[in-house]
Amino acid sequence: MRLSRVIIIVLAVAAGLLFLFAYLRPNLGLPQPAGLPIDLQTVIPTSWKVIPGQFRTCDFDNDGEDEYLIIYSYDLADGTGQGLIGGAIYDMQVNRVPQAPGVEAPYRPAFLTPYKLLPDIYGGKGQGYLGQSSVAVYTLPPTPVNTRCQAKEILIYGYSHTKWPTTLSVFRWEGEIIGYVGWHVLGNARVVAYDAADAVSSGQTPVINVYAYNQLGHRSLLCAVRHYQRTKPTDKEDLPPGLDFAEVKEDYTLDFCYGAPKDPAYPEGVVVALLRGQRPPAGTPTGESYLMETARNALPAGLAELATVKKDRPIRILSVSAPGTLGWYPPQGSRFTWTPAGGTPGPTPQVWWINYEPPTTVETEIVLNDNTGQIRRVVWTLVSMASEKANADTIWRISRVELR
């Protein structure tokens, strides 16, 4: 009987210890259960679809307590499930009297205060959404491994089913009344961000310069490019003083949305490539230049620098126009044999055809690189060239340049 009583007592104590261990587990620093805290699950709007793997905790407002960042899908289209991506931060207020949140009390009841990042309708942040297909969230300064997260700035890149980000959102805490203020930009082709050292930002350093590329619906895939910039920090270890990104209007230009192709298919693409400091492959009768010799030797004074391509001095383009088609039937071309400079004709010489008539013209408005900021109209005359090789495509070259 005594032995059985001892066994019963031991089992009871063990059961009590297991219960106590389970109850105290979160306070012992052990791994937390996967998923959202039960408090969040009950307050998140049912129209939101929380994105797995994007939930995180961090001290975003420097109050010594962690907040909860939720990334979610919303405005989901019926039948397709396609929507937009938003974000919100839930702040757990502890040691507060629920009836008077401004009054601290010596016990632990808590309530959650939601602060929207985007979408939002109030001032102090850009109006929009965080992304379409996915987002990448970074906190600044970066949190070292095995260190508690403390963020002064939140950086979110948004994607639209491409490998390039198309939105950039930056947020900072501005107090309990205002919440998080932010800056937001959209480039429907892509967004490129640079840090204080003019390196492409990877989320490890504050963003200083942002370029938004927005498609023009052009056949050569041209974009309007806008440059935004904020003040650099006084110390490389600091964050910039604010979110005052301002457009650098004197940098506005047209450019290829994703970089220039090697040899653009359309005439205006060749002109844009030349002005933006690109060059074609060497294996054409004009060498590594889009200019024919006649055009290169007669460039107007304000465009003489185009004879030598300088990628570090691209020319700003304000507008581009070109004819849509050339007509039904091309005229008879001129046939010639081309030998690369310094080369000798081989057993199979390169034979090319060139059509001088009818030429096509492209008109552009540009800003000259002469420190005067002059806006000039340039008319470019181009002719088509084609190799007799069966697997070669037609190319365009500039035969005359007129500055007006």
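The values are calculated or read from the model by the stated rules, or taken from the named source; none is laboratory data. Owing to the predicted nature of the structure, the values given are computational and were not obtained by experimental measurement. Cβ: placed from backbone, ideal geometry, glycine included. Neighbour counts: every protein chain shown. Calculation scope for accessible area: heavy atoms of the full protein, side chains included, ligands and nucleic acids excluded. Shrake-Rupley method; radii C 1.70, N 1.55, O 1.52, S 1.80 Å.
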## Note on the structure
On each of the three principal axes the extent of the alpha-carbon atoms of region 152-235, given in whole Å and largest first, is 48, 30, 20
### Solvent-accessible area per residue, Å², over region 161-302 with all protein chains present [probe radius 1.4 Å]
46
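In a shell of Cβ-Cβ distance under 13 Å around GLY179, excluding GLY179 itself, what net charge do Lys and Arg (+1) and Asp and Glu (-1) give? Before the final figure, lay out each step's value.
Numbers: positive: LYS116, LYS125, ARG172; negative: ASP61, GLU67, ASP91, ASP120, GLU174, GLU176.
Charge balance near GLY179 sits at -3.
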### Query
How would you rank 370-378, 272-280, 285-293, highest first, on the average number of other Cβ atoms within 10 Å across their residues?
272-280, 285-293, 370-378
### Query
Between region 176-205 and region 262-329, how many Å separate their Cα centres?
33
### Task
Report the local net charge at ILE395: Lys and Arg +1, Asp and Glu -1, summed over other residues whose C-beta lies under 15 Å from its C-beta.
-1
### Query
How much of VAL225 can a 1.4 Å solvent probe reach, expressed as accessible area in Å² and rounded to 10?
10
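For a quick protection proxy, order the peptides 197-206, 250-259, 150-159 by their average other-Cβ count within 10 Å, most packed first.
Packing order, densest peptide first, comes out as 150-159, 250-259, 197-206.
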### Query
Which value, in Å² rounded to 10, gives the accessible area of PHE55 with a 1.4 Å probe and all protein chains present?
70
